[in-house]
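Enquirer: Structure below; questions to follow.
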Amino acid sequence: MIIEMRTYKTKPGQRDAFLAVFTAKSMPAHREIGMKIMGPFRSLEDADTFFFMRAFPDLESRQPMRDRFYGSPLWKGELERTLLPMLEKYDVVLVEADEDLGGWH
């Protein structure tokens, strides 16, 4: 399993609004494509930061699955213009898990 460990920092005071849209719309769209999401996890040290992990079956499936999400009408027509303006920055670290992790949904 290939996992993107993602750190998002929203503009001040935007985390809850971002997460409301993310959990209601983005996460279900990821699951429909076959990506697994663990999180989001809110930082206890920074009110504008949260983390989540996004998993793919293997490295070969990662780009086609990402292309399907970011090329979708949901992303292009709604989420891109709603979510991106709320972000200050984000970072992604790509790792490989040796075995399936519990708790993925």
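Enquirer: Rounded to the nearest 500 deg cm²/dmol, what is the calculated helix-only ellipticity per residue at 222 nm for the chain, with -39500 (n - 2.57) per DSSP H run of length n ≥ 4?
Expert: Rounded to the nearest 500, the figure is -7500 deg cm²/dmol.
Enquirer: Where nothing but the Cβ of Lys and Arg (+1) and of Asp and Glu (-1) is charged, how large is the charge dipole of region 2-96 around its Cα centre, in debye to the nearest 20?
Expert: Roughly 240 debye, rounded to the nearest 20.
Enquirer: While we're here: Radius of gyration and Dmax for region 1-50's Cα atoms, expressed in Å?
Expert: Reported Rg and Dmax, both Å: 11.7, 34.
Enquirer: Let me see the P(r) profile for region 2-96: every Cα-Cα distance counted, bins of 10 Å, each bin given as a percent of all pairs.
Expert: Histogram of Cα-Cα distances, whole percents per bin: 16, 50, 31, 3.
Enquirer: Looking only at GluC sites (Glu not before Pro) in DSSP loops with at most 12 other Cβ atoms within 10 Å, what is the longest site-free stretch of the chain?
Expert: After excluding every exposed loop site, the longest remaining stretch is 46-98.
Enquirer: Also, quick follow-up: Got a sec? Charge dipole of region 2-96, +1 on Cβ for Lys and Arg, -1 for Asp and Glu; which of Leu74, Phe18, Met86 is way out at the positive end?
Expert: The listed residue farthest towards the positive side: Leu74.
Read-outs: derived from the displayed coordinates by stated rules, not from any lab. Just so it is clear, the model here is predicted, and its values are computed rather than measured. Note that each Cβ is placed from the backbone with ideal geometry, even for glycine, and that neighbours are counted across all protein chains shown.
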